[in-house]
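Take a look at the structure below.
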Amino acid sequence: MASSVDNVAPIESNGAKRQAETALRSQEEPRGSYRFKNKRMKNGHAIGSTILKTNGDHEEVLLEDVNALLKSFKLEADGTVESKPVPEHLSEVEVKIEHISSTGDGLGFLKDSNAEHVYVVPFTAPGDVVTAKVFKRFDKSRYSLTDFVKVNIPSPHRDESLVKCPYFATCSGCQFQMLPYGYQLAHKKTIVEKAYKNFSNLPPELIPAIGDTIGSPLQYGYRTKLTPHFDGPPDARRSDGRNGIKRSFKEVPPIGFMKKGTRTTIDIEDCPIGTDAVRKGNKRERKRVAEELSKYSKGATLLLRENTERILKSDYEAPYVVKKYEEAVYEDRGAHIHKKTCVTDPKATTTEYIDDFEFVNPAGAFFQNNNAILPRFTQYIRDHILPLPSDDLNQPKISNLIDAYSGSGLFTITLSSLFNTSLGIDISPASINSATHNAIINNLPSSRAKFIAADAAALFASIETPAEETVVMIDPPRKGCDESFLRQLVGYGPQRIVYVSCNVHTQARDVGILVGGMKRVDGGMGPGVGCYEIESIVGFDFFPQTGHVEGVAVLRRSIGRNGGKRD
């Protein structure tokens with residue numbers, strides 16, 4: 001019943017597109033500063049904090065891996081290997097790849113040289129010998145950023161037959177399509193391990209063994225949201241608006257995503273990690289933009305969001321269904337048919353199902369983008385949010401949930417059956433409205449699942465549930481929790497904490513503070529003393545083919561509010 005991805009948007013052979021040249025580096029616009037390209041990370045919570053020591057940004061993570069490689073790798077220096085000078089800007093070099101960084105890029109040294117300088121080469125695997133072109137040098141830190149040019153000697157881990165996108169090794173979206181999925185999952189486990197080693201500031205004995213990364217049921221066709229974009233007319237200037245100048249397009253601009261390491265948009269007519277419905281929507285939107293090009297005087301971002309309608313199979317047989325939804329994708333889900341369509345209006349609403357839970361959200365709002373893994377993910381949280389009966393140790397029964405950063409209610413709603421009361425808190429009133437509506441359509445009364453709009457950094461003053469009977473769920477943005485929130489959380493002292501994060505480096509930082517203690521904050525064991533221990537840490541692969549991994553850390557109090565120590 002499900003449609004075939006191959007029938008959605010035919011694409012050219014990998015070889016033809018992957019070798020096609022976009023603009024030469026000499027013809028591109030300046031790249032700007034590589035460091036802190038993401039302003040949200042530049043202004044992360046560590047700025048101005050005496051406790052938060054890292055923002056877990058791309059540069060910090062990469063530098064940790066570079067330094068580890070420089071420290072551990074023993075270069076041969078027996079007189080037979082020449083120490084070559086560090087190559088100049090834009091020169092091509094031959095590099096042997098040793099490791100994959102937590103950023104997703106390969107790290108290696110010049111082949112047949114003992115120069116202690118690391119080369120960062122995207123789209124590579126350990127064991128590759130590749131040609132790369134240097135575009136940025138950091139001599140003090142002893143590494144250079146490069147563009148991938150070609151593979152000279154392939155790694156035993158590399159399998160080009162796995163690549164399904166003609167733009168792979170050019171587009172910045174995916175890093176690992178040439179790697180078997182089991183290898184990707186194993187690498188992502190090391191990302192979590194290194195995050196806690198490098199950023200938690202905890203001794204090894206306080207960090208449990210990291211669990212194997214839990215994979216996605218779909219490795220392609222999983223993304224329920226894509227946002228391709230196009231830039232303004234080539235002659236457009238920032239001053240056009242204030243000078244009353246309206247530019248126009250002479251031809252359809254490239255519509256797609258950024259070329260790796262640049263600000264250049266490359267034309268991408270199809271993205272195989274998108275769901276079938278999203279890929280159909282992309283094809284339709286590209287056609288619409290071309291037809292309505294005269295309406296645009298500047299660039300734009302296109303929203304492609306999957307919407308699901310659940311239909312009983314008995315109703316699905318009615319003739320009007322097929323006629324009315326000719327662009328729909330149909331999936332057989334047992335007693336139901338899931339009809340998938342692509343919504344492009346950010347103000348419209350979309351519906352998603354996680355098992356039997358229904359979630360309706362504004363199409364442009366945040367919601368997890370891999371629906372295929374969400375049943376597995378939410379079940380894991382349900383299985384671990386409460387202690388095992390053997391772990392109770394005469395502690396009070398946990399009957400209350402506080403879901404900080406609750407968004408549209410994903411965790412509050414899917415976990416509510418485990419608790420007497422569930423409270424979701426978010427800074428966004430729009431998210432609270434969505435969450436309240438989602439609770440209603442899932443038949444949850446306000447006495448079981450309630451939502452309030454409040455700044456998560458100032459929420460615990462209004463919490464009335466006893467801390468020893470409460471678990472706090474945390475799912476913050478990439479920059480993690482701020483210092484004020486962590487101080488309040490430690491002061492409140494819930495019996496358990498489950499921390500979900502799309503940035504395991506800031507997660508490790510925050511967990512390290514909860515376990516190691518905060519200066520002048522008394523969580524029940526004295527000022528500055530940590531009062532939590534890590535029960536488990538595991539990664540989830542929400543984004544196969546990429547270097548991203550979602551972290552789930554479960555913490556428990558190492559001492560009860562009654563002063564009884566855990567044995």
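The values are calculated or read from the model by the stated rules, or taken from the named source; none is laboratory data. Every value quoted in this text rests on a predicted model; they were computed, and no experiment measured them. Because the Cβ atoms are built from the backbone with ideal geometry, glycine has one as well, and the counts that use them run over all protein chains shown. Remember, those area values only see protein heavy atoms, side chains included, never the ligands or the DNA or RNA. Shrake-Rupley method; radii C 1.70, N 1.55, O 1.52, S 1.80 Å.
What pairs come up if the first residue lies in region 149-160 and is without any contact (Cβ under 8 Å) to a residue 12 or more places away in the chain, the second is open to solvent by 60 Å² or more (accessible area, probe 1.4 Å) and in a strand (DSSP E or B), and their beta carbons are under 6 Å apart, counting only those six or more places apart or on different chains?
Cβ pairs passing all conditions: none.
Within region 437-478, track down each residue that is among the polar types (S, T, N, Q) and closer than 27 Å to Asp383 by Cβ. Spell out how you get there, then give the answer.
Kept after step one, since they are among the polar types (S, T, N, Q), are these residues of region 437-478: 438, 442-443, 446-447, 462, 465, 470.
Result: Asn438, Asn442, Asn443, Ser446, Ser447, Thr465, Thr470.
Picking from Phe460, Phe451, which residue would you name as being open to solvent by 10 Å² or more (accessible area, probe 1.4 Å) and under 11 Å from Leu423 (Cα atoms)?
Phe451
Testing Met178 on (1) more than 23 Å from Asp105 (Cα to Cα); (2) crowded, with 21+ Cβ neighbours inside 10 Å, one condition comes back false. Which one is that?
Every condition holds for Met178 apart from (1).
Pick from region 343-376 the residues that are closer than 19 Å to Leu218 by Cα and among the hydrophobic types (A, V, I, L, M, F, W, C): which of them is most open to solvent (accessible area, probe 1.4 Å)? Don't jump to the end; show me each part of the working.
So in region 343-376, the residues closer than 19 Å to Leu218 by Cα come out as 352-355, 367-376.
If we keep only those that are among the hydrophobic types (A, V, I, L, M, F, W, C) too, we end up with 354, 367, 372-374.
Working: Ile354: 1, Phe367: 9, Ala372: 33, Ile373: 0, Leu374: 0 Å².
Step by step, filter region 343-376, then rank; the result is Ala372.
Pairs under 7 Å by beta carbon, first residue at negative phi and free of Cβ contacts under 8 Å to residues at least 40 places away in the same chain in region 336-357, partner among the basic types (Lys, Arg) and open to solvent by 40 Å² or more (accessible area, probe 1.4 Å), six or more apart or different chains?
Every condition considered, the pairs that remain are His336/Arg310; His336/Lys313; His338/Arg310.
Across region 198-228, what is the total count of residues that are within 12 Å of Phe543 (Cβ to Cβ) and out of contact with any helix residue (DSSP H, G or I) (no Cβ under 9 Å at 6 or more places or on another chain)?
2
Considering only region 412-435, I want to know if a residue exists there that is crowded, with 18+ Cβ neighbours inside 10 Å, at positive phi, in contact (Cβ under 8 Å) with a residue 40 or more places away in the chain and in contact with a Ser or Thr (Cβ under 9 Å, 6 or more places away or on another chain).
For region 412-435, residues crowded, with 18+ Cβ neighbours inside 10 Å, at positive phi, in contact (Cβ under 8 Å) with a residue 40 or more places away in the chain and in contact with a Ser or Thr (Cβ under 9 Å, 6 or more places away or on another chain): absent.
With respect to Tyr183, determine if the residue is aromatic (Phe, Trp, Tyr), open to solvent by 10 Å² or more (accessible area, probe 1.4 Å) and part of a loop (DSSP other than H, G, I, E, B).
No: the conditions fail for Tyr183.
Scan Arg263, Arg237 and give me the residue that is free of Cβ contacts under 8 Å to residues at least 24 places away in the same chain and surrounded by fewer than 22 Cβ atoms within 10 Å (Cβ to Cβ). Let's see the steps before the verdict.
Values: Arg263 fails: free of Cβ contacts under 8 Å to residues at least 24 places away in the same chain.
Just a single option satisfies the conditions, and that option is Arg237.
Scan Glu98, Glu76, Glu64 and give me the residue that is modelled with pLDDT of 95 or more, surrounded by fewer than 21 Cβ atoms within 10 Å (Cβ to Cβ) and out of contact with any strand residue (DSSP E or B) (no Cβ under 8 Å at 6 or more places or on another chain). Walk me through it before giving the result.
Working: Glu98 fails: out of contact with any strand residue (DSSP E or B) (no Cβ under 8 Å at 6 or more places or on another chain); Glu76 fails: modelled with pLDDT of 95 or more.
So the residue among Glu98, Glu76, Glu64 that is modelled with pLDDT of 95 or more, surrounded by fewer than 21 Cβ atoms within 10 Å (Cβ to Cβ) and out of contact with any strand residue (DSSP E or B) (no Cβ under 8 Å at 6 or more places or on another chain) is Glu64.
Among the residues of region 159-170, write down those that are of a type outside the set (A, V, I, L, M) and buried (at least 20 other Cβ atoms within 10 Å of the Cβ).
Initially, region 159-170 is screened for residues of a type outside the set (A, V, I, L, M), giving 159-161, 164-168, 170.
Cys165, Pro166, Tyr167, Phe168, Thr170, listed by residue number.
Check region 468-480 and report whether any residue there is free of Cβ contacts under 8 Å to residues at least 60 places away in the same chain and either outside any loop (DSSP other than H, G, I, E, B) or open to solvent by 30 Å² or more (accessible area, probe 1.4 Å) (or both). Steps first, please.
From region 468-480, those free of Cβ contacts under 8 Å to residues at least 60 places away in the same chain are none; that's our starting set.
No, region 468-480 contains no residue that is free of Cβ contacts under 8 Å to residues at least 60 places away in the same chain and either outside any loop (DSSP other than H, G, I, E, B) or open to solvent by 30 Å² or more (accessible area, probe 1.4 Å) (or both).
Tell me yes or no: at least one residue of region 114-127 is open to solvent by 70 Å² or more (accessible area, probe 1.4 Å), modelled with pLDDT of 85 or more and more than 19 Å from Asn152 (Cα to Cα). Even if it seems obvious, please write down each step before you answer.
First pass over region 114-127, keeping only residues open to solvent by 70 Å² or more (accessible area, probe 1.4 Å): 116.
Adding the requirement that they be modelled with pLDDT of 85 or more leaves 116.
Applying the additional criterion that residues be more than 19 Å from Asn152 (Cα to Cα) yields 116.
There is at least one residue in region 114-127 that is open to solvent by 70 Å² or more (accessible area, probe 1.4 Å), modelled with pLDDT of 85 or more and more than 19 Å from Asn152 (Cα to Cα).
May I ask you to list the residues in region 193-213 that are open to solvent by less than 40 Å² (accessible area, probe 1.4 Å) and not in a loop (DSSP other than H, G, I, E, B)?
Taking region 193-213 first, the residues open to solvent by less than 40 Å² (accessible area, probe 1.4 Å) are 195-196, 199-200, 202, 207-208, 210-211, 213.
Hits for region 193-213 are Ala195, Tyr196, Phe199.
Among the candidates Glu358, Glu285, which residue alone is among the acidic types (Asp, Glu) and within 30 Å of Ser416 (Cα to Cα)? Walk me through how you get there before you give the answer.
Values: Glu285 fails: within 30 Å of Ser416 (Cα to Cα).
Answer to the check: Glu358.
Looking at (1) open to solvent by 50 Å² or more (accessible area, probe 1.4 Å); (2) modelled with pLDDT under 95; (3) not in a loop (DSSP other than H, G, I, E, B), which is the only condition Phe135 fails?
Phe135 satisfies every listed condition except (1).
Go through (1) at pLDDT below 95; (2) part of a loop (DSSP other than H, G, I, E, B); (3) touching a Phe, Trp or Tyr at 6+ places or on another chain (Cβ under 8 Å) and name the single condition Gly104 misses.
The single condition Gly104 does not satisfy is (1).
Of the residues that make up region 517-527, is at least one open to solvent by 20 Å² or more (accessible area, probe 1.4 Å) and at pLDDT 90 or above?
No, that holds for no residue.
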